[in-house]
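Take a look at the structure below.
Every number here is computed from the coordinates shown, using simple stated rules; none is lab data. Predicted, not measured: the structure shown is a model, and the values here were computed from it. Note that each Cβ is placed from the backbone with ideal geometry, even for glycine, and that neighbours are counted across all protein chains shown.
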Amino acid sequence: MREEIKSKTTNRLKRIEGQVRGLAKMIDEEKYCIDVINQSSAIRQALSAVEDLMMENHLSTHVIHQMKGGQEQKAVAEIIKVFKRAKKK
């Protein structure tokens, strides 16, 4: 894994962990439903950003390695899989 992406991903996940704890506290304290939904949405967006970083890492490391190693069909299949997953967001 590229060190820059690993660092960004780890930091994001720590923030998400705090957000999830905050969300649980909001539920315990019976906060306003729309506020809970907004927080939940923010967590979902943060997780999506983690997925984007992981896709970037995969394409820039594993897929490149596959292409250089003569596994072009596998690399193309993975690129298509990543593209389709990204379109679902």
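Sparse packing (at most 10 other Cβ atoms within 10 Å of the Cβ) combined with a DSSP loop state is found for the following GluC sites (Glu not before Pro) in the range 19-82: Glu29, Glu30.
Computed on the chain, with alpha-carbon pairs under 8 angstrom and 6+ residues apart, the relative contact order is 32 percent.
Computed from the alpha carbon positions, the gyration tensor of the range 6-47 leads to an equivalent ellipsoid with semi-axes of 22, 10, 4 Å, biggest first. Both radii are taken from the alpha-carbon atoms of the range 1-79; with Rh as the Kirkwood radius, Rg/Rh is 1.21. By the helix-only formula, in which each DSSP H run with n ≥ 4 contributes -39500 (n - 2.57) and the sum is divided by residues, the chain has a 222 nm mean residue ellipticity of -28000 deg cm²/dmol.
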